[in-house]
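Structure record follows, encoded as structure tokens.
The values are calculated or read from the model by the stated rules, or taken from the named source; none is laboratory data. Keep in mind that this is a model prediction, so the values were computed, not measured. Here the Cβ is made from the backbone with ideal geometry for all residues, glycine too, and neighbour counts use every protein chain on show. Only protein heavy atoms, including side chains, enter the accessible area calculation; ligands, DNA and RNA are left aside. Shrake-Rupley method; radii C 1.70, N 1.55, O 1.52, S 1.80 Å.
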Amino acid sequence: MLKKLLSGISLSLLTLSATSLYAQQNNGGGYDIELSITPLAESTIGPRKSAFGAGSDDSKNYMAGLLRVGYRYNETWSFGAGLGYSHQNITTTSGIVDPSVERMQYSSALSIWELPLDARIKFLKYLYANAGPMLHFQQNSNSHVDKQNGIGFHIGLGAKIPLSQQFAVTLSPHYKMYSLIPFQSGRNYDRVQVLGIAVGLNYRFAKD
């Protein structure tokens, strides 16, 4: 299973490289780098909340950052790869075993490294849409939530407003789901889902 997933990721990277080479041969292309943070987000962890009497995990103080390197195929399409990090605090409430017994609560933290790939399409003047897979690994140990090592995906809309020929600011509402394909097996695997708004600064490298 893991071997197939890694092969798929390698194929995606080769596809991006081939796209970049093709664009260079056609006098297209150019690079940019973008740093963004997600200060505003709502994170949920499941599926335990949907089961009556089961325990639950409540997320608080979710924060994330992402460094993305993009390749501009043309003025409409670009392709990118990034390195991201997210952190959140979690309150886990135990399930109902005996209604007369008080339910226990546990506090923990969840930190995850993310390696997203994406395709971004520009429309109208400043707007764009983007989507792609995301390889992620949990950094810290947490005995209350299934380990978040696997492949997820992200999708979003955004606005990129230029400040100069090289600099622009970005605002991007987005949705992410972790562990769509978990590296560990489980019948009801916990999946972190995030609906957030990222703000960032983009620098466009001048072409030679």
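Points to keep in mind about this one:
- Accessible area in square angstrom per residue, the range 63-208, 1.4 angstrom probe: 54
- A 1.4 Å probe, protein heavy atoms only, puts the accessible area of TRP77 near 100 Å².
- Listed peptides 57-63, 201-207, 152-158 appear in the order 152-158, 57-63, 201-207 once ranked by packing, highest mean of other Cβ atoms within 10 Å at the front.
- Solvent-accessible area assigned to carbon and sulfur over the range 55-208 amounts to 62 percent, based on a 1.4 Å probe.
- Under 12 Å, Cβ to Cβ, from GLY70 - net charge with Lys/Arg +1 and Asp/Glu -1: +3
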